[in-house]
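Below is one structure. I have some questions about it.
The values are calculated or read from the model by the stated rules, or taken from the named source; none is laboratory data. What you see is a predicted model; the values in this text were computed from it and never measured. Here the Cβ positions follow ideal geometry from the backbone for every residue, glycine too, while neighbour counts run over all protein chains shown.
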Amino acid sequence: MKILQVCDRYIPYFGGVQVHVSNISERLAREYDVTVYTTDPSGKLPKEEVINGVLVRRFKGFSPGEAYQFSFGLWKELRNARFDIVHGHNYHAFPLFFSRYAGKERFIVTPHYCRKGATKTRDILIKLYRPFGRRIFQEADRVIAVSNYEKGLLMEDFNIDDGKIVVLPNGVNLKEFQGLEKKKGKHDTILYVGRLEKYKGVQYVIEALPLLGENVRLEIVGKGPYRDKLKGLAERLAVADRVNWYQDLDEGELFARYASADLFVQLSKYEAFGMAVAEALAAKTPCIVANSEALKEWVDSKNCFGIDYPIIVDRLAGLIKEVIGTEVGEVKLWDWEQVVAELVKLYEE
């Protein structure tokens, strides 16, 4: 079975879609012929390489407002492509729309859909893109939602038949996390992992630091356009010496950060799933998340605690004091091996 995965960006770019596509692709490649078509706006990565058994082909692209990546070269190549399965990812980028042009037996779509854009530019693009998105879902043999929340959005916004959509959550590498040892440092550590964008809400955690004890530190893993403003905020609040910044960590280094943290915080306004929340819980690290979109599905008030928007910093600081260091009990999580087993069934229908 020849399988093509199409996504806007692939590793080493960092983000939920990249984690998803790389994990399923590398596992599928153990038994099948797997290729990834993607874009590289930087133009600095190899145009073609094999990563853990997956053939990755990158095409020059551009993205207005860092959204809806467009690549003429990718579109042209897809028109001549022939695969048994074409699996397109990320509604918020043109490569998914282009994937419908490839020759295939089955067309699978995982949109990772959020109704709203993180900026005004992205919000406008989402509205303009809606007619194109509707055509994608009409032509797809199957649509995969990564959460019940996302499934509801897709049915409401695109009138997709309930029988066409299947909910298949993102997975985590459970074996890797099970081998981690929780290590208590000399400080109480709050962790954030993800893109650095305003809508992700990291600024609220920085604003809460002056209300927390000097023993509390914040570790931020990721990069993005909001990084400099976050650093400036930490400087103005005189907490810069209590914030550590990391990026481009390998899997082992990232997992170590999860394991050493006393609390994970994710205050994003828009999420289709919450990949980093799943990873934090797998590492037995308690979480605080925004009661927004798919993130609220994680809230159980035992291992993961919710806070409402608008975020009130005093209230956030109080919740952090209450939750930090809480012992995490059993949490039902999917392993990537389970996800891929179910995915193969969908491919073979």
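Pick out the one residue from 82, 100, 115, 106 that is farther than 18 Å from residue 143 by Cβ, of a type in the set (Lys, Arg) and either surrounded by fewer than 18 Cβ atoms within 10 Å (Cβ to Cβ) or in the same structural domain as residue 160 (by TED's automatic domain parsing) (or both).
82
Taking the condition of being among the aromatic types (Phe, Trp, Tyr), under 11 Å from residue 91 (Cβ atoms) and surrounded by 20 or more Cβ atoms within 10 Å (Cβ to Cβ), how many residues in region 130-157 meet it?
Matching residues across region 130-157 total 1.
So that you can scan it fast, the table gives a plain yes or no per residue for (1) of a type outside the set (A, V, I, L, M, F, W, C); (2) closer than 25 Å to residue 346 by Cβ; (3) in a loop (DSSP other than H, G, I, E, B):
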{"position": "38", "(1), (2), (3)": "yes, yes, no"}
{"position": "43", "(1), (2), (3)": "yes, no, yes"}
{"position": "46", "(1), (2), (3)": "yes, no, yes"}
{"position": "56", "(1), (2), (3)": "no, yes, no"}
{"position": "86", "(1), (2), (3)": "no, yes, no"}
{"position": "95", "(1), (2), (3)": "yes, yes, no"}
{"position": "112", "(1), (2), (3)": "yes, yes, yes"}
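Which ones in region 245-259 are of a type outside the set (S, T, N, Q), in contact (Cβ under 8 Å) with a residue 24 or more places away in the chain and part of a loop (DSSP other than H, G, I, E, B)?
Residues satisfying the conditions are 248, 249.
Of the numbered conditions (1) out of contact with any strand residue (DSSP E or B) (no Cβ under 8 Å at 6 or more places or on another chain); (2) without any contact (Cβ under 8 Å) to a residue 60 or more places away in the chain, residue 207 satisfies every one except a single condition; which is it?
(2)
Of (1) over 16 Å from residue 189 (Cα atoms); (2) part of a loop (DSSP other than H, G, I, E, B), residue 229 satisfies all except one. Which?
Unmet condition: (2).
Can I ask one more? Given the conditions (1) surrounded by fewer than 19 Cβ atoms within 10 Å (Cβ to Cβ); (2) among the acidic types (Asp, Glu); (3) touching a residue at least 60 places away in the same chain (Cβ under 8 Å), and given that residue 262 satisfies all but one, which numbered condition is not satisfied?
For residue 262, the failing item is (1).
Restricting attention to region 42-79, report how many residues are surrounded by fewer than 14 Cβ atoms within 10 Å (Cβ to Cβ) and either touching a Pro at 6+ places or on another chain (Cβ under 8 Å) or not assigned by TED's automatic domain parsing to the domain that holds residue 113 (or both).
Selection size over region 42-79: 1.
Here's something else I'd like to know. Which helices (runs of 4 or more DSSP H) sit wholly inside region 120-195 and have at least 1 residues that are in contact (Cβ under 8 Å) with a residue 40 or more places away in the chain and among the acidic types (Asp, Glu)?
So the answer is 148-158, 174-178.
To continue, here is another question. Could you go through region 236-244 and let me know if any residue there is closer than 22 Å to residue 313 by Cα, within 15 Å of the chain's Cα centre (by Cα) and not charged (D, E, K, R).
No.
Which one of 101, 32, 113 is of a type in the set (Phe, Trp, Tyr) and at pLDDT below 90?
Matching residue, one of 101, 32, 113: 101.
Also: From (1) surrounded by fewer than 15 Cβ atoms within 10 Å (Cβ to Cβ); (2) under 19 Å from residue 145 (Cβ atoms); (3) under 22 Å from the mean Cα position of the chain (by Cα), pick out the condition that doesn't hold for residue 120.
Only one criterion is unmet by residue 120, namely (2).
So, one more: Determine which single condition residue 73 fails, assuming it passes every other condition in (1) in contact (Cβ under 8 Å) with a residue 40 or more places away in the chain; (2) over 21 Å from residue 113 (Cβ atoms).
Only one criterion in (1) in contact (Cβ under 8 Å) with a residue 40 or more places away in the chain; (2) over 21 Å from residue 113 (Cβ atoms) is unmet by residue 73, namely (1).
Regarding residue 217, is this residue surrounded by 21 or more Cβ atoms within 10 Å (Cβ to Cβ) and either of a type in the set (Val, Ile, Thr) or not in a helix (DSSP H, G or I) (or both)?
In short, yes.
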